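Participant: Take a look at this one; I'll ask things after.
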Number of protein chains: 2
Amino acid sequence: MRALAIDVGGTKIYNTIVDETGKIVAEIEKRATPKTFEEIREVLSEIVKKHEDKADVIAFATAGAVNNENTGVLGSTGNIAAGYPNMNFVNLSTKKVFVENDANAAAWAEHILGSSKNCPYSVMLTLGTGVGGGIIVDNKLMKGKSGAAGEMHFKLYRDRRRKCTCGAYDCFEAYASGTGLMTTARDITNVPNATTYDVIGEVNAALEQTKGFEGLKTKTERLMLAASSKYVEAFLRWQDDILIGCIGLADIFDPNVIVLSGSMAQFVDVEYVESELNKEIVTTYTEVKLASAGNYSGMIGAALLAMGVGL
Amino acid sequence: MRALAIDVGGTKIYNTIVDETGKIVAEIEKRATPKTFEEIREVLSEIVKKHEDKADVIAFATAGAVNNENTGVLGSTGNIAAGYPNMNFVNLSTKKVFVENDANAAAWAEHILGSSKNCPYSVMLTLGTGVGGGIIVDNKLMKGKSGAAGEMHFKLYRDRRRKCTCGAYDCFEAYASGTGLMTTARDITNVPNATTYDVIGEVNAALEQTKGFEGLKTKTERLMLAASSKYVEAFLRWQDDILIGCIGLADIFDPNVIVLSGSMAQFVDVEYVESELNKEIVTTYTEVKLASAGNYSGMIGAALLAMGVGL
């Protein structure tokens, strides 16, 4: 079996063909996500028409919460055209069409062939511009009553400090995301246009500077020593925000592993997070790992789900 | 089928007989929980010997996290004899013995015959001296890799304000529990020996005082108006702590309903919590309800699970 896999994100649309083992067996095509609903529909229709004869099923990994029937998007996500929830995915092909949220799909890819393989219970966090979540409970994707489960909008404070994109205050996403790191850096440095690049630049410089320091094994220990920079301080606070969220999720889910994915995950010292987390939780030892299913885990996971792999 | 149901708590041990419909069909016996492991074992053995011939299975609802085999307790809970995790429940009878955590068991009772009946997804919080949790995902009790899932030790702050009984800081339990209300009241009033009774007394007086106020429908609206008392302020803050935790849980689980149980639940204005929660969450409408399976839901739920009802 083969799936035509299509990833619909806020900025890019990718597509390829994925086989039953999760292997990408065709070229990966990439397009910019158009601004209007009609244009997005046109692009998706074009991709399907071009490639559907090479596949048995059509698998979409998409931004936005996806319903429990895996046929459509429940609500708009803010970073995609307003009419997007009205997309009729099923009508795009006469073949079987399957839709899943991109973070959920990526969590499934990690579960089948990545860092949470052979783990009945896992929590995957995608740390990018925002924060997404995909949760595996007893080898199944946790969807919730409407399909929207796994939203990481639990609060890190309860006294209204920082507004989140969702409109509420102090959600985990508002701190643990790339945008969260930027905001924390601006708060700490008082540099109004500080960026995550500034932060990562200073972190890398500090790591370079402390390279030979004996007895300091983890990146975080070295950064703590070199923490004269406000940017490094912002980075460490951001990393601790991720840690604090992971502690709560570990106690709630008692997972085998928490997997960090997304463009910001590579900067996290997972050795430090795992070690600190296990000092605080009341459940049993929980691993923290970086994702390993690669950059196209959304497409792979959606394809595997669409073909029923692991279900 | 009938189950001999035994509830082992930190202060009391209860037992009765429960039938397959969840009905209590015998007298409820009550004993104080002894201080040592050997004495607890003696009491449990005595109960089993006395009643096992009236039942097909022996069902324990107990303090502490219970393993995934439902045969024993994973770790001590602080409020029961230190050796308790060594209890060999299975050896207490030649009949089938089944053990489940008391909050998980109560969540199952609510799921089968209480406030979360017919709900595939629910979160139950037991608000008592501490806070317990039992979570139903896709009509199944969520246990986690070791059986310890549902621990409500996610954090309400990330800057170390209040120590929790678990040794960490600022866990939901440290704020949302009866003990949490007491601590909040002492913090706000500066009365070092203020109790939850003092708080509830003032709350009831304020409700009495505002009984006839037109246009104020909820208890909370009336309390806000009468919030001249520091005790009432402490109560409202406690209720908002519960609300904040429920918002996070609603976004993570997308449950049909959040059920509040335990001795402190009766004081919560669930109408207010449900209304405020649904203003903030990013998932779909989530109900908030008081538990309805009654005071012995732990025994009922353990009995139903032991007899396989709903599995």
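Participant: For segment A:245-275, enumerate the residues that are among the polar types (S, T, N, Q) and over 19 Å from A:Asn118 (Cα atoms).
Facilitator: A:Ser263, A:Gln266, A:Ser275
Participant: Where residues in segment B:116-156 are away from chain A (no Cβ under 12 Å) and crowded, with 24+ Cβ neighbours inside 10 Å, which of them is modelled with the highest pLDDT? So that I can check it myself, show each step before the final result.
Facilitator: Narrowing segment B:116-156 to residues away from chain A (no Cβ under 12 Å): B:117, B:124, B:126-129.
Then drop every residue that is not crowded, with 24+ Cβ neighbours inside 10 Å, which leaves B:124, B:126-127.
Details: B:Met124: 98, B:Thr126: 95, B:Leu127: 95.
Ranking the candidates gives B:Met124 first.
Participant: Consider A:Asp159 against the criteria (1) within 11 Å of another protein chain (Cβ to nearest Cβ); (2) buried (at least 24 other Cβ atoms within 10 Å of the Cβ): it satisfies all of them except one. Which criterion is unmet?
Facilitator: (2)
Participant: Conditions first: (1) within 19 Å of the chain's Cα centre (by Cα); (2) within 19 Å of A:Glu276 (Cβ to Cβ); (3) among the charged types (D, E, K, R). B:Lys140 passes all but one, so which condition is the exception?
Facilitator: (2)
Participant: Okay, moving on. Please determine, by comparing only the residues of segment A:14-33 that are among the aliphatic types (A, V, I, L, M) and in contact with a helix residue (DSSP H, G or I) (Cβ under 6 Å, 6 or more places away or on another chain), which one is nearest to A:Ile47 (Cα to Cα).
Facilitator: Restricting to residues being among the aliphatic types (A, V, I, L, M) and in contact with a helix residue (DSSP H, G or I) (Cβ under 6 Å, 6 or more places away or on another chain), the top hit is A:Ile17.
Participant: Just the residues that are without any contact (Cβ under 8 Å) to a residue 40 or more places away in the chain, surrounded by fewer than 24 Cβ atoms within 10 Å (Cβ to Cβ) and under 21 Å from A:Tyr197 (Cβ atoms), please, taken from segment A:164-183.
Facilitator: The answer is A:Met182, A:Thr183.
Participant: Determine the pairs where a residue that is within 29 Å of B:Leu4 (Cα to Cα) and buried (at least 22 other Cβ atoms within 10 Å of the Cβ), located within segment B:281-300, has a partner that is at pLDDT 95 or above and of a type in the set (Lys, Arg) with Cβ atoms under 9 Å apart, the partner being 6 or more residues away or on another chain.
Facilitator: That search, which allows pairs on different chains as well, returns B:Ile300/B:Lys23.
Participant: Right, another one. Restricting to segment A:148-173, name every residue that is touching a His at 6+ places or on another chain (Cβ under 9 Å) and more than 19 Å from A:Ser76 (Cβ to Cβ).
Facilitator: A:Phe172
Participant: Which one of these does A:Phe37 not meet: (1) touching a Gly at 6+ places or on another chain (Cβ under 6 Å); (2) farther than 20 Å from A:Leu304 by Cβ; (3) in contact (Cβ under 8 Å) with a residue 60 or more places away in the chain?
Facilitator: (3)
Participant: Give me the pairs, please: first residue somewhere in segment B:54-78 and free of Cβ contacts under 8 Å to residues at least 24 places away in the same chain and closer than 16 Å to B:Ile40 by Cβ, second residue anywhere and surrounded by fewer than 16 Cβ atoms within 10 Å (Cβ to Cβ) and among the hydrophobic types (A, V, I, L, M, F, W, C), beta-carbon distance under 6 Å, and either six or more positions apart or on two chains.
Facilitator: Pairs that qualify, where the first residue is free of Cβ contacts under 8 Å to residues at least 24 places away in the same chain and closer than 16 Å to B:Ile40 by Cβ and the partner is surrounded by fewer than 16 Cβ atoms within 10 Å (Cβ to Cβ) and among the hydrophobic types (A, V, I, L, M, F, W, C), are B:Ser76/B:Ala82.
Participant: Further question: Determine whether segment B:51-74 contains at least one residue that is of a type in the set (Asp, Glu) and within 24 Å of the chain's Cα centre (by Cα).
Facilitator: So far as segment B:51-74 goes, yes, one or more of its residues are of a type in the set (Asp, Glu) and within 24 Å of the chain's Cα centre (by Cα).
Participant: Something else about it: I'd like the full set of residues that are under 26 Å from B:His111 (Cα atoms) and either at the interface with another protein chain (Cβ under 10 Å from one of its Cβ atoms) or assigned to a loop (DSSP other than H, G, I, E, B) (or both), limited to segment B:206-245.
Facilitator: Scanning segment B:206-245 gives B:Asp240, B:Asp241, B:Leu243, B:Ile244, B:Gly245.
Participant: Moving to a separate point now. Specify the residue that is nearest to B:Lys155 (Cα to Cα); the eligible residues are those in segment A:191-205 that are free of Cβ contacts under 8 Å to residues at least 24 places away in the same chain and not in a helix (DSSP H, G or I).
Facilitator: In this case the residue turns out to be A:Thr195.
The values are calculated or read from the model by the stated rules, or taken from the named source; none is laboratory data. Predicted model, so just to flag it, every value in this text is computed and none were measured. Every residue, glycine as well, gets a Cβ built from its backbone with ideal geometry; the counts of neighbours run over all protein chains shown.
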